[in-house]
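What follows is a single structure, written as structure tokens, with notes after it.
What follows draws every value from the coordinates through simple rules; no lab data is involved. Everything numeric here is computed off the predicted structure, so don't read it as measured data. Cβ sites come from the backbone with ideal geometry, for glycine too, and all protein chains shown count toward neighbours.
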Amino acid sequence: MVYKRIRDLREDRDLTQKEMAKALNCSQQVYSNYELGQRDIPTDILIKLSAFYNVSVDYILGISDNPKIKK
């Protein structure tokens with residue numbers, strides 16, 4: 001679920017893996033491994049993804065289907 005969510009979020013914004021890797025300060029291969037589920041996504045990267053896409057970490061993790069951040 002997590003891996004599909006981050007891929008869908010990226011694709012919905014017409015971003016490449018290379019662009020996301022640059023935004024997260026990692027290599028394209030590392031980011032690709034996140035999307036493929038071949039590497040666990042560290043907490044700090046989850047937080048960066050949440051901020052970048054303006055969605056909750058719960059949404060990225062598949063805990064919630066509501067992408068809105070609660071205030």
Qualifying position, being assigned to a loop (DSSP other than H, G, I, E, B), β-branched (Val, Ile, Thr) and more than 11 Å from the chain's Cα centre (by Cα), among 41, 63: 63
Residue under evaluation residue 68, criteria (1) farther than 12 Å from residue 6 by Cα; (2) surrounded by 14 or more Cβ atoms within 10 Å (Cβ to Cβ); (3) not aromatic (Phe, Trp, Tyr), criterion not met: (2)
All positions within the stretch 1-60 that are out of contact with any helix residue (DSSP H, G or I) (no Cβ under 9 Å at 6 or more places or on another chain) and of a type in the set (A, V, I, L, M): 51
Test: residue in the stretch 18-26 that is surrounded by 11 or more Cβ atoms within 10 Å (Cβ to Cβ), over 9 Å from the mean Cα position of the chain (by Cα), among the basic types (Lys, Arg) and not in a loop (DSSP other than H, G, I, E, B): yes
Matching residues, the stretch 31-41, being within 15 Å of residue 20 (Cα to Cα) and of a type outside the set (A, V, I, L, M, F, W, C): 31, 32, 33, 34, 35
